[in-house]
Amino acid sequence: GAVDRWSLIDPAAAQPLSTLDLGRSAARSRYGQAIAADSGQLLVGAFLADSERGADSGLAWMYPSAGADPIRLSASDGQPDSRYGIAVALQGTTALIGAYFDAVDGQIDRGSAYIHERNGGQWIERQKLVAGNGTIREFFGLAVALDG
């Protein structure tokens with residue numbers, strides 16, 4: 001449950017720039033199973049992390065630069081067992097985070113994905129995505145990607 005941040009500028013250095021972890025809760029939360037990087041930023045998912053929304057609701061952490069304090073991200077409408085952070089994507093000022101066990105319209109495990117955008121030093125949730133023809137146990141958000 002830890003993430004090592006390496007430099008590509010000097011690969012011969014063979015030492016991580018930093019090690020990121022959540023301490024004792026990292027292994028159970030699956031911190032670091034999903035990682036995305038872009039322009040010096042690092043996005044790390046922890047899909048089994050407990051939050052104020054309940055057990056296994058999931059969390060993600062945005063590290064804006066090496067050595068900077070992380071910004072904690074969560075789903076505004078998260079619920080127990082939604083598993084936000086199973087998949088993450090990052091491009092510039094946009095982050096996409098999957099929650100494949102999210103119950104949508106009463107349908108369990110239908111899944112969703114959340115778009116967050118950076119506004120100054122903060123990351124704001126902008127939109128929740130769900131499949132238009134979604135069904136029970138569709139697991140939308142199990143994998144995510146951004147392009148353009």
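None of the figures in this text is laboratory data; all of them are computed from the coordinates on show. In this text the structure is predicted, and so the values were computed from the model without any measurement. All Cβ positions, glycine included, derive from the backbone under ideal geometry; neighbour counts span all protein chains shown.
Please pull out the direction-averaged projected area of region 91-141, using the convex hull of its alpha-carbon atoms, in nm² to one decimal place.
Numbers: hull surface 14.2 nm².
Here the figure is 3.6 nm², rounded to one decimal.
Please express the shape of region 27-132 as an equivalent ellipsoid: the semi-axes are the square roots of 5 times the eigenvalues of the C-alpha gyration tensor, given largest first in whole angstrom.
Values for region 27-132, descending: 22, 15, 11 Å.
In vacuo Debye scattering of region 39-83, one point per C-alpha: log10 I(q)/I(0) at q = 0.16, 0.31 Å⁻¹?
Each listed q maps to, in turn, -0.42, -0.98.
Taking 7 Å along the Cα-to-C-beta vector as the label spot, tell me the Ile35-Gln127 distance in nanometres, rounded to one decimal.
Distance between label points: 2.9 nm.
With only Lys, Arg, Asp and Glu charged, each at its Cβ (+1 for the first two, -1 for the last two), find how big the charge dipole of region 63-148 is about the Cα centre; round to the nearest 20 debye. Write down the numbers at each step before the final one.
Working: 7 positive and 10 negative charges, 19 e Å.
Using only the charged Cβ atoms, the result is roughly 100 debye.
With a point put 7 Å past each Cα toward its Cβ, work out how far Ser65 is from Asp147 in nm, to one decimal.
The two pseudo-label positions are separated by 3.2 nm.
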